1. So in segment 1-38, with the set limited to residues that are polar (S, T, N, Q) and modelled with pLDDT under 95, which one is nearest to the chain's Cα centre (by Cα)?
2. Condition first: at positive phi and out of contact with any strand residue (DSSP E or B) (no Cβ under 7 Å at 6 or more places or on another chain). Now tell me which residues in segment 12-48 satisfy that.
3. Tell me which residues, restricted to segment 6-20, are out of contact with any Asp or Glu (no Cβ under 7 Å at 6 or more places or on another chain) and surrounded by fewer than 17 Cβ atoms within 10 Å (Cβ to Cβ).
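The values are calculated or read from the model by the stated rules, or taken from the named source; none is laboratory data. Just so it is clear, the model here is predicted, and its values are computed rather than measured. A quick note on method: Cβ atoms are made from the backbone with ideal geometry, for glycine too, and the neighbour counts reach across all protein chains shown.
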Amino acid sequence: MKIALYQGAGKPARVDENLEIIHRKAFSAAGQGADLIIFPELFLSGYNIGQTVQELAEQADDPACQKAARIAREADIAKNVIAAERETNPVLKDLRPDLYARPVKKV
């Protein structure tokens, strides 16, 4: 397995621009034979603190997460993009009521 690592920060609150970077880097890495590309934590929304991250938090079925998954399928590469996600599980909501970071899945 060939793994590509992207070292760079997501642009805070600029999800569309970060998706473009994901697109370019995923296709570039796949073209060079990579099977997996890994992006830094919270790359999709940029590493935000406070209220902004609350506003940018995604769900797995939100458009930005779906676009990130579609890029992986089209480039035929697995990728790890960590996004802030709102907790929706009622059992877990009491344990972590705000957000947490989790990988966007290739579906």
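1. We begin by selecting, within segment 1-38, every residue polar (S, T, N, Q); these are 7, 18, 28, 32.
Next, from what is left, pick out any that are modelled with pLDDT under 95: 7, 18.
On the way: Q7: 14, N18: 9 Å.
Going through the qualifying residues, I end up with N18.
2. A13, G33, G46, listed by residue number.
3. Of all residues in segment 6-20, those out of contact with any Asp or Glu (no Cβ under 7 Å at 6 or more places or on another chain) come to 6-10, 12-20.
The answer is Q7, G8, A9, P12, A13, R14, D16, E17, E20.
The rows are residues; the columns are (1) within 21 Å of D76 (Cβ to Cβ); (2) in contact (Cβ under 8 Å) with a residue 60 or more places away in the chain; (3) assigned to a strand (DSSP E or B).
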position	(1), (2), (3)
A9	no, no, no
P12	no, no, no
L19	yes, no, no
I22	yes, no, no
E41	no, yes, no
